[in-house]
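Here's the structure we're looking at; comments come further down.
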Amino acid sequence: MNTTNQDLNVTILDYHSDYVKDFARLNYEWLNQYFAIEEHDREMLDDPEGYIINKGGQIFFAKFNDEIVGTAALIVETPDSYELAKMGVSTKYRGLKIGKKLILHAIEFARKDGKRQVVLESNTKLEPAINLYYQTGFKKIPMTGCSPYARCNIRMELDL
């Protein structure tokens with residue numbers, strides 16, 4: 001692909017049911033590449049409206065040239081916080097700062113929604129993602145509670 005960051009016109013869209021299959025496709029893509037798909041993944045990806053949207057969360061989509069190329073979700077964790085989850089960018093569009101656009105949009109949404117914090121759980125094997133989280137202000141915190149994912153080995157937070 002010959003697209004540079006300077007001419008990459010990406011639009012971030014809020015959730016719409018037309019994009020349910022894209023949400024699943026993009027997330028299954030990275031999960032299959034790096035990890036085993038877990039039951040909790042299937043719950044969310046097979047019913048994002050029931051698991052995320054109807055519970056007060058939001059899902060964002062990155063659109064480029066009429067194609068959905070990235071996604072990220074904000075799941076209500078507490079009345080004051082969201083969990084950033086299910087963030088993925090299509091393999092052929094990685095490295096073009098689409099993930100950064102998604103995360104900055106999600107942070108701004110959380111801030112405008114009156115949340116005081118965004119948290120996330122990830123795996124240090126995903127170095128580009130971990131670096132992006134640090135670049136956007138997230139800090140590593142102790143693992144507390146029990147993550148529903150076996151792959152999770154890092155928890156991070158961003159105070160808004």
* To do: Multiply the residue separation of Asp159 and Glu49 by 0.36 nm, subtract the distance between their alpha-carbon atoms, and state the gained length in nm to one decimal.
  => 36.9 nm
* **Stretchable slack from Lys139 to Asn9, in nm (0.36 nm times residue separation minus alpha-carbon distance)** => 43.8 nm
* Net charge, Ala110 excluded, C-beta distance under 13 Å - Lys, Arg +1, Asp, Glu -1 -> -3
* To do: For Ile37 paired with His16, estimate the spin-label separation in nm (one decimal), with each label point 7 Å from Cα along the Cα-to-Cβ line.
  => 2.6 nm
* Asked: Anyone know which of Ser122, Ser17, Ser90 comes out most mobile in the 10 Å Cα GNM of the chain?
  -> Ser17
* To do: May I ask you to derive the FRET efficiency for Cys152 and Glu67 from their Cβ-Cβ distance with R0 = 25 Å, giving the value to the nearest 0.05?
  => 0.25
* Structure fact -> Here the residues of the stretch 42-62 lying in the modelled label zone of Glu108, meaning backbone nitrogen under 19 Å from a point 7 Å along Cα-to-Cβ, are 58-62
* **Positive minus negative residues near Gly88 (Lys, Arg vs Asp, Glu; Cβ under 12 Å)** => 0
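One-quarter of the Cα convex hull surface for the chain, in nm²? Before the final figure, lay out each step's value.
Numbers: hull surface 36.1 nm².
Projected over every direction and averaged, the Cα hull of the chain covers 9.0 nm².
No lab work stands behind these numbers, since they all come straight from the coordinates. Everything quoted here is computed from the prediction, not taken from an experiment. Backbone-built Cβ (ideal geometry, glycine too); neighbour counts: all protein chains shown.
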